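The values are calculated or read from the model by the stated rules, or taken from the named source; none is laboratory data. Everything numeric in this text was worked out from a predicted model, so none of it was measured. Using ideal geometry, Cβ is built from the backbone for each residue, glycine included, and neighbour counts are taken over all protein chains shown. Only protein heavy atoms, including side chains, enter the accessible area calculation; ligands, DNA and RNA are left aside. Shrake-Rupley method; radii C 1.70, N 1.55, O 1.52, S 1.80 Å.
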Amino acid sequence: MSLVLYEVKDKVAVITLNRPEKRNALNAEMIDLLGQYLHQAKENAEVKAIVIRGAGEKAFTAGFDLKESMENNITDIVERRKDTQSELDFFKYLWYLPKPIICAVQGYCVGGGNMIALMSDLIVASDTASFGNPEMLLGYLPEIPIELWKLPPNKALEWYFESKYYTAQEMRDMGVVNEVVPFEQLEARAMEVAALAAKVPAESMCMLKQSIRKVYDIQGFSNSLDYFAEMFNLARTNMQQKEMGEFRDSISSGGLKSALKERYN
């Protein structure tokens with residue numbers, strides 16, 4: 001079974017992160033497939049809107065596969081920048097894609113999952129959804145500071161400094177999540193929202209999204225991506241420091257769950 005599924009329903013491309021046994025944790029193969037399917041949806045004239053969802057009940061996605069990331073930590077600065085740039089290119093493609101993207105979020109939406117959700121256009125979340133970025137505890141920095149653009153400033157700082165988790169309703173109250181529905185209604189409601197967006201003429205939608213993204217860029221969004229990406233690179237190369245080296249050793253010997261419990265409980 002593919003790690004990412006793709007189908008078109010009534011002019012809506014549905015892309016499903018399909019690794020439920022790992023809470024849809026993102027690895028390199030999934031990012032590559034997700035990029036391919038986004039491109040496929042963009043180039044298909046019959047597709048007017050896109051829904052991104054996660055398989056299962058537990059998570060939209062638990063973010064990047066930290067075990068894979070920590071065990072394959074790239075500390076050479078040239079290779080580090082190359083690897084980060086490939087991820088940055090993916091997220092920029094998601095951000096600037098000229099068709100409306102709706103994320104259907106249930107359960108955990110963590111780390112890279114937040115970047116996917118917050119860099120989409122609309123978020124429909126189940127009442128079980130929980131948004132957070134605990135990767136800060138591992139010495140990571142935000143690769144893309146999308147929270148600073150979507151959350152109120154002090155809430156974004158809570159997110160970063162306290163590794164804060166927010167409920168779907170809290171994200172709704174902050175204006176980040178558009179709707180909160182029972183889990184059983186999540187898929188249907190996301191498809192309804194996508195169908196409404198699909199009614200906007202394609203050329204008008206393209207110009208609308210281009211104009212909206214231009215507003216962000218005038219305020220410095222694109223420049224902030226480049227700066228944060230380089231800070232992210234520096235943080236990752238600095239993970240050779242003793243405490244993070246010991247943490248990686250703990251992952252190798254006892255697994256990620258055990259290492260996290262040992263370090264932070």
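Some values worked out for this structure:
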{"read-out": "N133 long-range amide H proximity, modeled H, under 5 Å", "value": "G111, K164"}
{"read-out": "Distant-in-sequence amide H partners of G54 (H built 1.01 Å from N, under 5 Å)", "value": "L17, Q106"}
{"read-out": "For segment 91-100, Karplus couplings with θ = phi - 60° (6.51, -1.76, 1.60), whole Hz, Gly/Pro x", "value": "5, 5, 4, 4, 5, 8, 4, x, 10, x"}
{"read-out": "Highest-MSF residue in the chain out of K150, K214, K42 [GNM, Cα springs under 10 Å]", "value": "K214"}
{"read-out": "For the chain, built as a Gaussian network whose Cα springs stay under 10 Å, the top-fluctuating residue of G111, G35, G175", "value": "G175"}
{"read-out": "Farthest toward positive dipole pole in the chain [+1 Lys/Arg, -1 Asp/Glu at C-beta], among S126, M207, S224", "value": "M207"}
{"read-out": "Sum of side-chain charges, S120 neighbourhood, beta-carbon under 12 Å (Lys, Arg +1; Asp, Glu -1)", "value": "+3"}
{"read-out": "Candidates K82, K11, K58, ranked by Gaussian network fluctuation over the chain, Cα under 10 Å, top entry", "value": "K82"}
{"read-out": "The chain: antiparallel DSSP beta bridges as a percent of all, rounded to 5", "value": "30 percent"}
{"read-out": "Where the chain is the region considered: accessible area per residue in Å², 1.4 Å probe", "value": "48 Å²"}
{"read-out": "Ellipticity estimate at 222 nm from DSSP helix runs (n ≥ 4, -39,500 (n - 2.57)) divided over the chain, nearest 500", "value": "-16000 deg cm²/dmol"}
{"read-out": "Gain upon complete extension [Q36, L234; 0.36 nm per residue less C-alpha separation]", "value": "68.4 nm"}
{"read-out": "Of all accessible heavy-atom area on the chain, the percent that carbon and sulfur account for (1.4 Å)", "value": "52 percent"}
{"read-out": "Residue (of T84, V181, A197) at the positive-pole extreme of the chain, dipole from beta-carbon charges", "value": "A197"}
{"read-out": "Exposure of D127 as accessible area (Å², to 10), given a probe of 1.4 Å and all protein chains", "value": "100 Å²"}
{"read-out": "21 Å Cα-Cα threshold exceeded, pairs from K48/K82; K58/K155; K99/K164; K9/K42; K58/K164", "value": "K48/K82; K58/K155; K99/K164"}
{"read-out": "Residue-count net charge about K58 - beta-carbon cut-off 14 Å; Lys, Arg +1, Asp, Glu -1", "value": "+2"}
{"read-out": "Net dipole in debye of the chain [+1 Lys, Arg Cβ; -1 Asp, Glu Cβ; about Cα centre; nearest 20]", "value": "320 debye"}
